[in-house]
Every structure is written in structure tokens, then in C-alpha cells.
Amino acid sequence: MLYPVDSYDPSQKNKKGLKPYLVRSFLSIPIAFLLSFLVKTFLLYPLTVKTNTMAPGILPGKTAYIKSWFSVQNLQYGDIILFKNPQNDALLLARVIASSGDKIQIRNKTILKNGRILQETYKILQSDKRKPFRSTFSRRDNLDTIQIKKGYYWLMVDNRDEGLDSRELGPIPENAIVGKLLF
């Protein structure tokens with residue numbers, strides 16, 4: 001089938017000029033920035049891990065993506081979360097070990113949850129080869145029973161001898177939790 005040739009005018013091709021291109025560019029750049037801001041603020045927060053506290057699972061230099069849309073009440077044992085250190089507002093990664101109503105005790109680096117030895121299904125790292133510290137020296141290796149109050153979580157890092165977690169900070173309030181690890 002043949003189409004009429006008189007509908008195409010090559011002289012009209014360049015008459016549009018640069019104006020539509022510039023308008024599209026000036027509109028698309030702010031929209032792109034707005035979309036990236038919204039994604040980072042409300043959906044995914046990329047976090048470059050700088051410390052060894054979650055090794056061997058999350059190594060320094062890796063990017064962890066934190067989702068900020070989640071229900072704190074739905075956090076479960078083993079979830080990795082981003083929280084604000086109550087002492088200085090620094091952001092820290094740690095794993096949920098216990099929540100409201102649970103009892104935690106640590107004996108010679110062994111975690112007891114509700115009177116039973118905690119069977120951890122993820123890899124942990126214990127780099128300190130010294131004997132466990134007495135509880136009068138540090139709560140890190142030996143801790144008397146603590147009952148977690150409503151609205152609080154017991155968080156621990158995977159690299160047990162090099163990280164800051166609930167052993168030093170105590171139970172973490174749910175309003176200090178910023179996000180949950182997506183991947």
C-alpha cells in the first residue's frame with residue numbers, strides 16, 4: 001500500500017528548535033531529584049557499612065538497604081535493624097534477639113532466652129579468645145536476667161566481641177528504631 005508523500009515536509013523538521021528539548025530537560029531533572037529523594041526518605045535507605053560489627057554476615061564496605069516502611073510491632077527474632085544509639089544518636093546495625101516480655105541472660109558468652117539456650121540460626125563471630133569477663137567488669141559476657149519491658153527490644157551484633165549493642169546500651173526503645181534491613 002502506498003501512502004501520500006505530500007504529508008511529510010522535511011523543512012518542518014528543524015523548525016521546532018531547541019526549546020522543547022530544554023523544557024523537557026528542565027522538567028525531568030527536578031522530577032528525577034524529587035523521585036530519588038522520596039525513594040531514599042520513605043522507601044529505601046542505602047547504608048554503606050563502615051564497621052565490622054555485623055561480620056561475618058555483612059562485611060565493611062558493603063551496601064545495606066534499609067526499609068523505613070515497616071511495623072515495629074512485627075519485628076521478629078533474627079531481624080537486622082538500624083537504630084539510633086540512645087547515648088549519641090549514631091546509627092547502628094544490630095539483630096533482634098528478644099522483645100517485650102522475654103527474659104535474657106548471658107552466661108559465659110552463651111545467651112539464654114526465657115531460660116533456654118538461644119539457638120542462633122545465623123553465623124556469629126567471637127574474635128576475643130580470652131576467657132569471659134566477670135559481670136562486675138563487663139556485662140558483655142555475663143549478664144544477670146533482664147526482663148524486656150513493653151516497647152523495648154534486646155539487640156545484639158553478630159560480631160559479639162567488637163560491637164556496641166544492648167549489652168552496653170540496655171534494651172532499646174522502639175522509637176529509636178529507624179528501619180529494617182531489606183537486603
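Tell me yes or no: at least one residue of region 94-101 is over 21 Å from ASP161 (Cβ atoms) and not in a loop (DSSP other than H, G, I, E, B). No, region 94-101 has no match at all.
Pick from region 117-126 the residues that are of a type in the set (A, V, I, L, M, F, W, C) and modelled with pLDDT of 90 or more: which of them is farthest from MET54 (Cα to Cα)? Filtering first and then ranking leaves ILE117. If the condition is being open to solvent by 70 Å² or more (accessible area, probe 1.4 Å) and at pLDDT below 90, then region 56-87 contributes TYR65, TRP69, GLN73, ASN74, PRO86, GLN87. Scanning region 47-74 for residues that are in contact with a Pro (Cβ under 9 Å, 6 or more places away or on another chain) and without any contact (Cβ under 8 Å) to a residue 12 or more places away in the chain yields a single hit, LYS50.
Which residue out of ILE124, ILE97 is surrounded by 20 or more Cβ atoms within 10 Å (Cβ to Cβ) and not charged (D, E, K, R)? Steps first, please.
Values: ILE124 fails: surrounded by 20 or more Cβ atoms within 10 Å (Cβ to Cβ).
Of the residues listed, the single one that is surrounded by 20 or more Cβ atoms within 10 Å (Cβ to Cβ) and not charged (D, E, K, R) is ILE97.
Among the residues here, SER7 qualifies as open to solvent by 80 Å² or more (accessible area, probe 1.4 Å), of a type in the set (Gly, Ala, Ser) and modelled with pLDDT under 90.
Please indicate, with yes or no, whether at least one residue in region 43-51 is among the hydrophobic types (A, V, I, L, M, F, W, C) and either within 20 Å of SER166 (Cβ to Cβ) or modelled with pLDDT of 80 or more (or both). Checked region 43-51: at least one residue is among the hydrophobic types (A, V, I, L, M, F, W, C) and either within 20 Å of SER166 (Cβ to Cβ) or modelled with pLDDT of 80 or more (or both). Restricting attention to region 127-154 and to residues that are of a type in the set (Asp, Glu) and within 23 Å of THR53 (Cα to Cα), the residue that is modelled with the lowest pLDDT turns out to be ASP128.
Taken over region 134-159, residues that are open to solvent by less than 10 Å² (accessible area, probe 1.4 Å) and more than 17 Å from the chain's Cα centre (by Cα) amount to 2.
The values are calculated or read from the model by the stated rules, or taken from the named source; none is laboratory data. All figures in this text were calculated on a predicted structure; none of them were measured in a lab. Virtual Cβ from ideal backbone geometry, glycine too; neighbours counted across all protein chains shown. Note: areas computed on protein heavy atoms with side chains; ligands, DNA, RNA excluded. Shrake-Rupley method; radii C 1.70, N 1.55, O 1.52, S 1.80 Å.
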